[in-house]
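The values are calculated or read from the model by the stated rules, or taken from the named source; none is laboratory data. Please read all numbers here as calculations on a predicted model, not as lab measurements. Note: areas computed on protein heavy atoms with side chains; ligands, DNA, RNA excluded. Shrake-Rupley method; radii C 1.70, N 1.55, O 1.52, S 1.80 Å.
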Amino acid sequence: MPRRISRDFHYILKEQLLASHIPLAVIATQNGLSRRTLQRWFINTIPKNYLTLLKVLAFIRLPGKETSELLQLAG
């Protein structure tokens, strides 16, 4: 059974990545992802590997409180 994910995860992640003003292509490339993968995270999927999510959040220099909130929302 797939895990139920809060819609807030997708909304907050999208908001934070766009607020970083770093192009999604740069974020993806620097973290070994495709831009399409990041866009899927905005809509209906979560990272299979939370380390990947942490790398992305560290790359955009997201503060610890927001990082913790996103990880909790992702389950």
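Here is how the numbers come out for the structure above:
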quantity	calculated
With every protein chain in place, the chain: carbon and sulfur % of accessible area (1.4 Å)	53
Protein-only accessible surface order, largest first, of R7, R36 at 1.4 Å	R7, R36
Å² per residue, accessible surface of the chain at 1.4 Å	70
Relative contact order computed over segment 1-60 (Cα-Cα under 8 Å; 6+ residues apart), in percent	36
